[in-house]
C-alpha cells in the first residue's frame with residue numbers, strides 16, 4: 001500500500017507533471033477547449049508524467065530494490081494507478097486553470113477530460129510494458145487515437161463510440177448522457193490495467 005502512495009506522490013509532484021500542465025495550458029491558450037488541436041494533444045500530453053516509470057526503474061535496477069519493500073501486486077498497482085491518475089489530473093488541472101484565467105464557466109465535461117486522459121495515460125503505460133520502448137509509450141496512444149478518428153470519420157460514421165473526440169466532447173446522443181462515456185472509459189481503463197498487470201507480472205517473473 002505504501003508503494004501506491006509513494007508512486008502517486010512521485011507522479012503528481014514531479015517536473016514532468018508540471019511540464020505537462022504548462023504545455024497543455026499553452027495549447028489551450030492558443031486554440032481553446034473546443035479545438036481539434038486540443039483534442040489531439042490530450043493523448044500525447046497526458047503520457048508525460050508517469051507512463052515510462054516502470055521502464056525507467058527496470059533499466060536502472062531500482063525495481064529489484066522496490067520489490068524487497070513491497071509485493072508485486074502493490075508495485076504493479078502503484079505504477080498503473082499513479083500513471084492513470086497523474087495523466088488525468090494534469091489535463092484536469094490545465095482545463096481548470098484555463099477556465100479561471102479566461103474567466104469562463106468551468107466546462108461541463110471535466111469528468112470526461114479526466115477519464116479520457118487517465119485511459120490514454122494507462123494505455124501508454126501498457127505500451128511501454130509490452131514493447132519496452134519509450135517511443136511506443138509516448139507516441140503510441142496518439143497514433144491509436146488518430147487512427148480511431150480516421151476510422152470513424154471515413155468508414156464508420158455511425159459508430160460514434162469509436163471516436164476519441166466524441167469521448168472528450170460528446171456531440172451525439174448517448175443512452176445515459178455523459179455518464180455512459182464515463183462508465184465506458186472507466187471500464188476501458190480497468191481492462192487496460194488488467195492487461196498491464198499480466199504483462200508486468202510476466203516481466204517481473206522473468207527478472
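Read-outs: derived from the displayed coordinates by stated rules, not from any lab. These figures come from a predicted structure and were not determined experimentally. Here the Cβ is made from the backbone with ideal geometry for all residues, glycine too, and neighbour counts use every protein chain on show.
If a residue must be more than 25 Å from residue 129 (Cβ to Cβ) and either within 18 Å of the chain's Cα centre (by Cα) or buried (at least 16 other Cβ atoms within 10 Å of the Cβ) (or both), how many such residues does the stretch 179-198 contain?
Of the residues in that region, 3 qualify.
Can you spot a residue in the stretch 69-82 that is over 21 Å from residue 25 (Cα atoms), touching a residue at least 24 places away in the same chain (Cβ under 8 Å) and not in a helix (DSSP H, G or I)?
yes
Of the conditions (1) over 9 Å from the mean Cα position of the chain (by Cα); (2) within 14 Å of residue 21 (Cα to Cα); (3) free of Cβ contacts under 8 Å to residues at least 60 places away in the same chain, residue 104 fails just one. Which one is it?
The failed condition is (2).
In the stretch 3-20, what residues are farther than 15 Å from residue 81 by Cβ and buried (at least 20 other Cβ atoms within 10 Å of the Cβ)?
Correct list: 20 only.
So residue 41 ticks every box in (1) touching a residue at least 40 places away in the same chain (Cβ under 8 Å); (2) surrounded by 17 or more Cβ atoms within 10 Å (Cβ to Cβ); (3) over 17 Å from residue 15 (Cα atoms) but one. Which box is left unticked?
All conditions are met except number (1).
Only one residue in 20, 66 is within 23 Å of residue 199 (Cα to Cα), assigned to a helix (DSSP H, G or I) and either touching a residue at least 24 places away in the same chain (Cβ under 8 Å) or in contact with a strand residue (DSSP E or B) (Cβ under 9 Å, 6 or more places away or on another chain) (or both). Which one?
66
Please tell me if residue 142 is over 30 Å from residue 59 (Cα atoms), touching a residue at least 40 places away in the same chain (Cβ under 8 Å) and either surrounded by 18 or more Cβ atoms within 10 Å (Cβ to Cβ) or in contact with a strand residue (DSSP E or B) (Cβ under 9 Å, 6 or more places away or on another chain) (or both).
Spelling it out, it is not the case that residue 142 is over 30 Å from residue 59 (Cα atoms), touching a residue at least 40 places away in the same chain (Cβ under 8 Å) and either surrounded by 18 or more Cβ atoms within 10 Å (Cβ to Cβ) or in contact with a strand residue (DSSP E or B) (Cβ under 9 Å, 6 or more places away or on another chain) (or both).
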